[in-house]
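Visitor: There's a structure below that I have some questions on.
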Amino acid sequence: MAWLSGTAAPAKKLGANGDYYNRTVNGFTAAVYQKVSGAWKTVMKFPSDCIHGHGISDIWEGDASALETQMKPGDVVVDTATQSIAELIEG
């Protein structure tokens, strides 16, 4: 699994199945996609206040329970232990 990123939606030929793609707007995360069966599927979209600097700070990958002490509210983790995506609401 790899993390890719860009400012536009991911191109069909980009990446491999299981990869994630972080689309940014104004330097902030606007959407997260995962490649499944050769196609990019949107797994998270963020409201415009996140895109304009009031939301997502960092995206982490790993075991969320181990990363929780390093994360801050607004951070998102791709939890490899549970194969899920979550946002830390409170520190």
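The values are calculated or read from the model by the stated rules, or taken from the named source; none is laboratory data. These numbers come from a predicted model, not from an experiment. All Cβ positions, even for glycine, are placed from backbone atoms using ideal geometry, and neighbour counts span all protein chains on display.
Visitor: Working only within region 16-26, note down all residues that are in contact (Cβ under 8 Å) with a residue 24 or more places away in the chain and either acidic (D, E) or more than 12 Å from I59 (Cα to Cα) (or both).
Guide: V25, N26
Visitor: Check off (1) modelled with pLDDT of 75 or more; (2) part of a loop (DSSP other than H, G, I, E, B); (3) among the small types (G, A, S) for S5 and give me the number that stays unchecked.
Guide: Of everything listed in (1) modelled with pLDDT of 75 or more; (2) part of a loop (DSSP other than H, G, I, E, B); (3) among the small types (G, A, S), S5 misses just condition (2).
Visitor: Okay, next question. Looking at region 29-38 only, could you name the residues that are more than 17 Å from V77 (Cβ to Cβ) and out of contact with any Pro (no Cβ under 9 Å at 6 or more places or on another chain)?
Guide: A30, V36, S37, G38
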